[in-house]
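The values are calculated or read from the model by the stated rules, or taken from the named source; none is laboratory data. In this text, all values refer to a predicted model and were calculated from it rather than measured experimentally. A quick note on method: Cβ atoms are made from the backbone with ideal geometry, for glycine too, and the neighbour counts reach across all protein chains shown. What goes into the accessible areas is simple: the full protein's heavy atoms, side chains included, and nothing from ligands, DNA or RNA. Shrake-Rupley method; radii C 1.70, N 1.55, O 1.52, S 1.80 Å.
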Amino acid sequence: GTWNLTEATINPGTDSAQVFNQFALQLSGVSMVLSVNNDGTYTMTTTEPSGTTVENGTWSVSNGNITITAEGEQPFTTTYSITGNELTLSVNEIEFGADTFPAILKFTKQ
């Protein structure tokens, strides 16, 4: 299905953690749409003020974890949860400005 980013917690668990809800993401010009296919492929389209990027790759689930492999990248495995129409992913690195931070991303199914 198709999932839209509705909340991002950057640098979770630290004093410098920042939570961006859907309104704050829209104000900053950031959107992320994750299209997950039953055949184990995905497309993630990220739009920010500097432009739009599209990432394609594969995914698989095992033992309560999800492994995501973007084309040309090494696979990474992380925790995830789906509650109702909300998907939560923990990622090791997300670009924010010129830096990268760990993040918790929440998506709502469309």
Using θ = phi - 60° and the Karplus curve 6.51 cos²θ - 1.76 cosθ + 1.60, what whole-Hz ³J(HN,Hα) does each residue of the stretch 81-89 get, with Gly and Pro shown as x? 8, 10, 10, x, 9, 10, 10, 10, 10
Treating every alpha carbon of the stretch 14-90 as one equal point scatterer without solvent, the Debye formula yields log10 I(q)/I(0) values at q = 0.19, 0.24, 0.26 Å⁻¹ of -1.03, -1.27, -1.29
Please work out the Cα center distance from the stretch 1-25 to the stretch 62-110, rounded to the nearest Å. 12 Å
Within the accessible area of the chain, what % is carbon and sulfur when the probe is 1.4 Å and the other protein chains stay in place? 49 percent
Calculate for the chain the 222 nm mean residue ellipticity that helices alone would give, adding -39,500 (n - 2.57) per DSSP H run of length 4 or more and normalising by residue count, nearest 500 deg cm²/dmol. -1000 deg cm²/dmol
Accessible solvent surface per residue of the chain, calculated while the other protein chains remain in place, 1.4 angstrom probe, Å²: 62 Å²
Charge dipole magnitude, Cβ of K and R +1, D and E -1 - the stretch 65-110, Cα centre, debye nearest 20: 280 debye
Which value, in debye to the nearest 20, describes the size of the charge dipole of the chain about its Cα centre when Lys and Arg Cβ atoms bear +1, Asp and Glu Cβ atoms bear -1, and nothing else is charged? 320 debye
Per-pair calculated FRET efficiency, R0 = 22 Å: A98 and L27 via Cβ, rounded to 0.05: 0.65
